[in-house]
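Each remark here refers to the structure printed beneath this line.
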Amino acid sequence: MKQPVPEYRLTRRRGQRRIILRVEGDGQVKVSAPPNTATRTIDAFVVSKAAWIAERTALLAEMEPALVPGPQADALRAHMRSDVARLMPLWCARMGVETLPKVTIKIMKSRWGSCNAVRHTISLNLELARRGTDALEYVIVHELAHVFEQNHGPAFYALMDRHLPDWKQRRAHLNTLQR
Ligand SMILES: [Zn+2]
């Protein structure tokens, strides 16, 4: 019997070499593929991922819904602000960042944080307010490391190893919980 193809939304991208599938936070399956890939090849690919899709969808259903602007987000932001106000000076001192960066806390879709070394600003994903202090601390150290190293090269990871030796565990934990 032919296996049913899970429902998906397809985008064809020029320059892409292989088929990429992801499950969005809302459970939608999105597939992108090179322009001339046959539909049945894409269907077969999606079918081959059916078990993973089901697992991921079930996991998402158990999770708290994604944050939306409103009173809950405001309360979380206020809480996170006080954590950041405590952690940021501490880590700047430890890592030798002389000026405190300007921090913006906002709902971000696909990243935990970002750093603009030139403007000396850091953005943090509000979702971190629900992930515990260890996670927040990991992202703060990561973004502060970008003050010195823009790219994720060996020098960047050497900084992470030096300042936060268990950063890999923290990252793994954070990403298993990621929507
Ligand atoms: Zn980074």
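No value in this document is a laboratory result; all are computed from the given coordinates. Bear in mind that the values here come from a model prediction, so they are computed numbers and not experimental data. Note that each Cβ is placed from the backbone with ideal geometry, even for glycine, and that neighbours are counted across all protein chains shown.
Note on the chain: with a GNM built from Cα contacts shorter than 10 Å, the maximum mean-square fluctuation among ASN116, ASN36, ASN125 falls on ASN36. Against the empirical 2.2 N^0.38 Å (N residues), segment 9-62 has a Cα radius of gyration ratio of 1.17. Applying the Karplus relation 6.51 cos²θ - 1.76 cosθ + 1.60 with θ = phi - 60° to segment 75-83 yields 3J(HN,Hα) values of 5, 4, 5, 4, 5, 5, 3, 5, 5 Hz, where x marks Gly and Pro.
Taking Cα atoms only, the orientation of helix 133-148 departs from the longest principal axis of the chain by about 80 degrees. When the Cα atoms of segment 71-176 are aligned to their principal axes, the ranges along those axes come out at 41, 31, 23 Å in descending order. Here the calculated FRET efficiency for VAL47 and ARG130, from their Cβ-Cβ distance with R0 = 25 Å, stands at 0.15, rounded to the nearest 0.05.
Our helix-only sum for the chain, with -39,500 (n - 2.57) per DSSP H run of n ≥ 4 divided by its residues, gives a mean residue ellipticity at 222 nm of -15000 deg cm²/dmol. Placing pseudo-labels 7 Å out from each Cα toward the beta carbon at TYR157 and GLU62 gives an inter-label distance of 3.0 nm. Straight-distance candidates among the lysines for linking to LYS2, with alpha-carbon spacing under 18 Å and chain neighbours fewer than 8 residues away dropped: LYS49.
Using only side-chain charges placed at the Cβ, +1 for Lys and Arg and -1 for Asp and Glu, the dipole size of segment 9-62 relative to its Cα centre rounds to 480 debye.
Tell me, what is the FRET efficiency for ASP26 and THR99 to the nearest 0.05, using R0 = 30 angstrom and their Cβ-Cβ distance as r? The value I calculate is 0.15. State whether segment 1-100 is rounded, prolate or oblate according to the following rule on the C-alpha gyration tensor (a ≥ b ≥ c being the square roots of its eigenvalues): a/c under 1.5 gives rounded; otherwise a/b larger than b/c gives prolate, and the remaining case gives oblate. Prolate shape, in that a/c is at least 1.5 and a/b is the bigger ratio. Modelled label positions at GLN150 and ARG119, each set 7 Å beyond Cα in the direction of Cβ, lie 1.6 nm from each other. Toward the positive end of the charge dipole of segment 71-176, with +1 on the Cβ of Lys and Arg and -1 on the Cβ of Asp and Glu, the farthest Cα among ILE140, SER114, PRO71 is that of PRO71.
By the gyration tensor of its Cα atoms, with a ≥ b ≥ c the square roots of the eigenvalues, what is the shape of the chain: rounded for a/c under 1.5, prolate for a/b over b/c, or oblate? Prolate. Here the ratio of the Cα radius of gyration of segment 41-114 to 2.2 N^0.38 Å is 1.70.
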